[in-house]
1. For the stretch B:600-646, name all the residues that are open to solvent by 60 Å² or more (accessible area, probe 1.4 Å), at pLDDT below 50 and basic (Lys, Arg).
2. Within the stretch A:362-388, take every residue that is assigned to a loop (DSSP other than H, G, I, E, B) and facing chain B (nearest Cβ under 9 Å) and give me the one that is farthest from A:SER316 (Cα to Cα).
3. In the stretch A:165-198, which residues are part of a strand (DSSP E or B), open to solvent by 10 Å² or more (accessible area, probe 1.4 Å) and either more than 10 Å from chain B (Cβ to nearest Cβ) or under 23 Å from A:VAL112 (Cβ atoms) (or both)?
4. So which pairs qualify, if the first residue must be in the stretch B:621-632 and without any contact (Cβ under 8 Å) to a residue 24 or more places away in the chain, the second must be assigned to a helix (DSSP H, G or I), the Cβ gap must be under 6 Å, and the two must be at least 6 apart or on different chains?
5. A:MET325 versus (1) of a type in the set (A, V, I, L, M, F, W, C); (2) away from every other protein chain (no Cβ under 12 Å); (3) part of a loop (DSSP other than H, G, I, E, B); (4) open to solvent by 10 Å² or more (accessible area, probe 1.4 Å): which is the lone unmet condition?
6. Please go through the stretch A:206-238 and pick out each residue that is without any contact (Cβ under 8 Å) to a residue 60 or more places away in the chain, away from chain B (no Cβ under 14 Å) and either part of a loop (DSSP other than H, G, I, E, B) or open to solvent by 10 Å² or more (accessible area, probe 1.4 Å) (or both).
7. Would the stretch A:278-290 turn up any residue that is outside any strand (DSSP E or B), within 15 Å of the chain's Cα centre (by Cα), surrounded by 21 or more Cβ atoms within 10 Å (Cβ to Cβ) and within 14 Å of chain B (Cβ to nearest Cβ)?
8. Just to be sure before I move on: is A:PHE54 of a type in the set (Phe, Trp, Tyr), within 11 Å of chain B (Cβ to nearest Cβ), open to solvent by 50 Å² or more (accessible area, probe 1.4 Å) and over 22 Å from A:LEU286 (Cα atoms) in the structure I sent?
Amino acid sequence: MKVKMLSRNPDNYVRETKLDLQRVPRNYDPTLHPFEVPREYIRALNATKLERVFAKPFLASLDGHRDGVNCLAKHPKSLATVLSGACDGEVRIWNLTKRKCIRTVQAHEGFVRGICTRFCGTSFFTVGDDKTVKQWKMDGPGYGEEEEPLHTILGKTVYTGIDHHWKEAVFVTCGQQVDIWDEQRTSPICSMTWGFDSISSVKFNPIETFLLGSCASDRNIVLYDMRQATPLKKVILDMRTNTICWNPMEAFIFTAANEDYNLYTFDMRALDTPVMVHMDHVSAVLDVDYSPTGKEFVSASFDKSIRIFPVDKSRSREVYHTKRMQHVICVKWTSDSKYIMCGSDEMNIRLWKANASEKLGVLTSREKAAKDYNQKLKEKFQHHPHIKRIARHRHLPKSIYSQIQEQRIMKEARRRKEVNRLKHSKPGSVSIVSEKKKHIVAVVK
Amino acid sequence: KPRMDRNCFAAGTEIAFLSASAPGPCERETAEMSVVRAAESLLALSQQEELEDLPKDYPLSPSEDEVGDTCLKREVLSPAKMWGSVLYSALPNFRWKLAERSEASLKVSEFNVTSEGSGEKLVLSDLLGPVKTSSSLATVKKQLNRVKSKKTVELPLNKEEVERIHREVAFNKTSQALSKWDPIILKNRQAEQLVFPLKKEQSAFAPIEHVLSGWKARTPLEQEVFNLLHKNKQPVTDPLLTPVEKASLKAMSLEEAKMRRAELQRARALQSYYEARARREKKIKSKKYHKVLKKGKARKALREFEKLQKANPTAALEELEKIEKARMMERMSLKHQNSGKWAKSKAIMAKYDLEARQAMQEQLARNKELTQKLQVASDSEEEEEGAEEEGELVPDAVNEIQMDANGPNPWMLRNHLRGTGEAKVRDPEKLPEPVAHEASESEEEERPGAEEEILLNEFEERRSLRKKSTLNQDTEPVSRQEPKDSSSKEVLSELRALSQKLNRENQQCGKQNMSSTRTVPAVQREEPAEVEEEPLLLQRPERAHTVEELEELGKEECFQNKEVPKPMGEGQQSERNPNNQPGTPKEKKRKEEMIDLQNLLTTKSPSVKSLAVPTTVEELEDEEERDQKRMIKEAFAGDDVIRDFLKEKREAVEASKPKDVDLTLPGWGEWGGMGLKPSAKKRRRFLIKTPEGPPRKDKNLPNVIINEKRNVHAAAHQVRVLPYPFTHHQQFERTIQTPIGSTWNTQRAFQKLTTPKVVTKPGHIIKPIKAEDVGYRSSSRSDLSVVQRNPKQLSIRHKKQLKKNSVD
C-alpha cells in the first residue's frame, strides 16, 4: 500500500545562502493586521523623531583663506572642485573629497568681487576691485611655470559681478552698466544701461541662455535680452536686491535675495506680483542659489544663518547655523543636489548636507526602502500636531530667536494697525494690500 | 493761355512767400492792408507746408488759386524787393539767369531760386511791359508740385520713448518665447516622480591610450622614469591592445552582440518553457484529461492528413503508409487487447461499475479501429467513421442522467423542465420542433451506448413528461389572459376613482372591499415596511382560475416541493395564505412565473393609493387641499422623521452611557464549565457600577443631539483643520486610512506607494533643463551673433512697427 504524503519543494522555503533573508509567507488579510492607522501613526512619529535625532548637517569646514570669503563658484564638470574668492584678492580652488585647498592664486588687489567658471570647465574668470577682469586656467601652472592669468582686461570702472554664458564663449560683467564680452576681445561687444547706478550682480538664465537678470543698488531688478541687446523690464522693490538666481528647471522663474529679509520668487513674465515671498530670515539676505533639481533653494543671510526654502513654500524647511559662522556672504548648492557650501565673513567655507538627516554613502536596498517608507509616512502624517511640532522644531541661536520674536511682534502690530485703519475708515477708502504686492513699488516698462 | 499764366503767377507768388519768410514782415507794413492780409494768409499757408506737420497732403483749392491771382494783380503795382526774381522772369526784356553756385553762400534757396538780385532796384518801366510766359518757370512749378505732394515726415520720437518701445517689444517677444515652457514646467511640477539627471548620459569610453597620449612627462622625476621605460623598450604610448584583440573587438559591434544575446536568451526561455509544460502535462494524473488530449491529437492528425491529401497526394500516401505501419505494430503488440493488467481489473469491475464498463468498451473499440485493415476509400467513409467515433463520445450530462436511471435527478430534471418551460412561455408555437430535435439528438447519442433499453425507456419517460408540460403550456395562454385582464381592470377602476374624486359612499364601498379582500394578517399591517407586499395579495381574489391551470400548478408545486428549499418569504406567505383563503396557495406558487415585473409595477401604485384614501378626512376641505395633502402623504408615506430622530437620540444616549464593568471570572471559587454560570451573588459582588456621569447637555432639549464624545487626550493627536490641498475632510481621512506599509500591502504596491518624489543619482551632475531634452528646437542662432548687430540701425519699417506698437 502506497501512502501519499504532502510534500513541498524545498526551493520554496530553504534559502540559498546564509546571508539570504528567510522567506516568510505573508497573509495580507486585513483582519490579521488590525489598527493600520494607529500603527502607522506611531511609525511616522518615530520616523520624525529619528530624523531630528540624526539631523547633523554639518560636514566640514574648509579653512585657509586669510580674509572673508566673498564669492564661490562651482566647477561645471567636477563635483569635487570648488572655487572661492576672498576679500584679500586671493582665489582658492578646493577639493571637497579631500577637503583640502589644491591651488591658491593671488588674483586681484582688493576684493575678488566675482568669480565664475567657463561652461567647459577649463578656465575661470574673476573680477576684482582693481578694475580688471582676469581669465585663469583651471589646471595649475605646469612645472616651472608662473602663475599667470590667460587674459587680463583692464576696465574703466570697478566690476562688481561676473557670470559666464552657459553655452558660448561670452561672459557678462556688471558695474556701472552691464557689459557683454566676447572672450576673444578686450572691449565689450555690447553695453546695456538703464539709468545710472551700480549694479551688484548679474546672472545668465541657464535655460534660455540669452536672458540676463541684474540687480542694482537703486532697488531694482532689470532683465535683459542679449540677442536684442536691450533691457526688457525693470521692477522696483521696497529695498535693494543683493542678488538673483534663476531656476535651472523652470526657464522664467528667478528668486531675488532682498535687503528686507525676504526672498522673492518671480515669474519674469509677470513682474508686478511675485509668485512667492519667502520670509524667515531676520536680516538682509545676501545670496541665494537654486538646487539643481529646481525644487528648493538655499539663501545666505547677514543673520549668520543659511536657510533652505522649498520653491513653493513661503517658510523655510531648514536652518543651518554654527556658533562660529559669522555673516554668510555667499552660498552654493552643489550640482548633485546633495550638499550646500557657504562662505562667510570669518574666512571659512562650510560644507553642509542638503538633507540634514540623510545618511551618506551607499544604501542597501532595504535601507533605501525603509528611508522611502519613513519619508512617505512623515509626509502622510505631517499635519498631525505632534508630528508637526517635532518636525518643525529647530534650535536657534539666541540672537536669531529673539529677533524672530521681536519681528513677530512688530508684524503683528503692523497688521493690527492696518486692520484698525480699515475698520475706522470709510468703506472703500482703505484697501488691504496682499503681502505679495506690498513689496513691489513699481514695474517699469 | 492767360489761365496758364495765372497759374504760373500763383506759383511764383508762393515761392516768393516761401523765400520771403526769412526777411520778415517789415516790408509788408508799407503795403496796403488788403494786400497784407492776403499775403499773411498765404504766408500762413506756406509756413504750414514748410513745417510739414500736416497729417495729409494739403491740396491747393481753387479758391486759394483765386486769392493768389488777385493778390498778384495788386502786387504788380507795388514795388517790393521780394518779388524781384520771380517778376523779372515774367518780363519781356528780361533774360533769366540760371543761378549757378560757384562759392559758398548763405543765400541758397533750395528751389533753385537765387536771391542774387535782391540788392538791385526795381524800375517801374520794367514792370509796364506785357507779361509773357517763360518756359523756364515749368521746372519751378514742377518742383513746387513735388513739394506739395510730398508727405510730411513725422517728427522722430524722443530717445527715451523709442527705447521704451524697443523694450516693450522685446519683452513681449521674450515672454512669448518663454511660454513654450509652460506645459513642461507644469508637467514637472505635477509629476509623481522626477529622476535627475533628466537626460541619461552615455558614459564615454575613453581608451587608455588616448588618455596617455595627452599627457607628457614634465617633472624631472617623470622624465627619468620615462627614460628608463624607453631604454627597456616598454610600451609607453603604444596601444595596449594587440592588433588581434582590436580586430576581435571590432568583429562584433555592441549592438550585434546584444541582439545575439537576446536571441539566445529567448531561445533558452522558450525551451525551458516548453520543457516545463511537458513536465507539467506529464504529471497530470487525470485519465480523462489524457484521453481528451489523445483524442484531440488524433483528430488533429486526421484533419492534417485530409488537408495533406488535398494538397499533396503523394505525401498523403506516405503518411498513410505510416499509419498502416502503426496499425501493424499495434496488431503485433496486442496493446489494446483485453489482456493487460488494467484491462483485467476493469473487466472485474465492469459488472458493477458503469464507468469501467464504458472504459472497456472504449478500449475495445479502439482496438477494433486500430486492427481493422485500412482501406483507402472515399472520404465519406472516413467521415462516417469520424462521426461514429464522435458518437461514442457520450456527453457527461447524458451519462449522469443515465446513472440515475431508476430515479431521475431532481436537479437535472428541474433545470431541464425550467428551460423548456421558459422556452414555451416565450413562443408556444415554435415549441414542438426543438423538443423533437432534442429528443432525436439524444436518441442518436444514446444509440451506441451499452444499455440501450434502459436509456430508451428513460428517454421515453422524459419525452412523455415533456409532452405533458407542453400540453399544459398550451392551455396556459388562455388562462393567463384572464388574470391580466382582471388586474388591469382593477388598476383602471382605481385610477378612475382617483381622478373623479370618489365620494364617501364609494370609498366606504372600497373600504369594505378592501377589508374583505385583504388577506394581510394584523401583524403585517402594523409593519409599514411590508406594505409593499400588498399588491400581490390584493390581486388574488379577483383572479379567475381555470381548472387546467390549477391542475398544472398543483403538479408543479409537488415537483418544486420536492426539489427546492423555498425562499423564506414565500414560505411565510404560503403559510399565511391558507388560513384566509384555501384556494390561493396554488395560484400563489404559480404567481412568480405568471406575474412579470411590468405587472408588478403597474399594480403597485394603486395599492398604495388605496391605503391612503381611507385615512384622509375631507368633510369641509376643498378638493385641492385634499389633493395636496394626499399627494404629500403619498410622497412621504414611508418615513416618519420625528420617530426616527427620537430613536436616534435614544440610541445616542444609550451609547454614551458609561457601561458597568463585570469582573466575574467563571470557575473562580466554584465549579465552572459548559452551561454553568457564576452565581448571582458573585456577579453582584464583582460588578462594578460606574458612577453616573454629569447629565447630558441635551437632556432638556428634545430636538437636539449633542455629541459629547470628544476625547481631550485623543485630540492632541488629531488634526484640527483641514490641511491645504484637501477640499473635503473625507478626502483627508481616506488618505490617512489607507496604509502604505508593507504590512498591509504587497511588495509591489508598497514600492509603488513609497516612491520618492525626487530621485537623484549620487555623484551625477544635474544640468539645467535643455530645450532639446524636452523635444523643443532650441534657437539655432547663436546668442552672440545677434548681439553684434547694431540695434540702432533699424529699418524704417521696423520703426513704423514700433510706432504702431507705441500707439497701441
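The values are calculated or read from the model by the stated rules, or taken from the named source; none is laboratory data. The structure displayed is predicted, hence computed values, not measured ones. Glycine gets a Cβ as well: all are built from the backbone with ideal geometry, and neighbour counts include every protein chain shown. Only protein heavy atoms, including side chains, enter the accessible area calculation; ligands, DNA and RNA are left aside. Shrake-Rupley method; radii C 1.70, N 1.55, O 1.52, S 1.80 Å.
1. B:LYS604
2. Here the residue is A:VAL362.
3. If we filter the stretch A:165-198 for residues that are part of a strand (DSSP E or B), which is where we start, we get A:170-174, A:178-182, A:190-192.
If we keep only those that are open to solvent by 10 Å² or more (accessible area, probe 1.4 Å) as well, we get A:182, A:190-191.
If the condition is that a residue be part of a strand (DSSP E or B), open to solvent by 10 Å² or more (accessible area, probe 1.4 Å) and either more than 10 Å from chain B (Cβ to nearest Cβ) or under 23 Å from A:VAL112 (Cβ atoms) (or both), then A:ASP182, A:SER191 are the ones that fit.
4. Hits for this filter: B:ARG630/B:ALA612.
5. (4)
6. If the condition is that a residue be without any contact (Cβ under 8 Å) to a residue 60 or more places away in the chain, away from chain B (no Cβ under 14 Å) and either part of a loop (DSSP other than H, G, I, E, B) or open to solvent by 10 Å² or more (accessible area, probe 1.4 Å) (or both), then A:SER217, A:ASP218 are the ones that fit.
7. For the stretch A:278-290, residues outside any strand (DSSP E or B), within 15 Å of the chain's Cα centre (by Cα), surrounded by 21 or more Cβ atoms within 10 Å (Cβ to Cβ) and within 14 Å of chain B (Cβ to nearest Cβ): absent.
8. no
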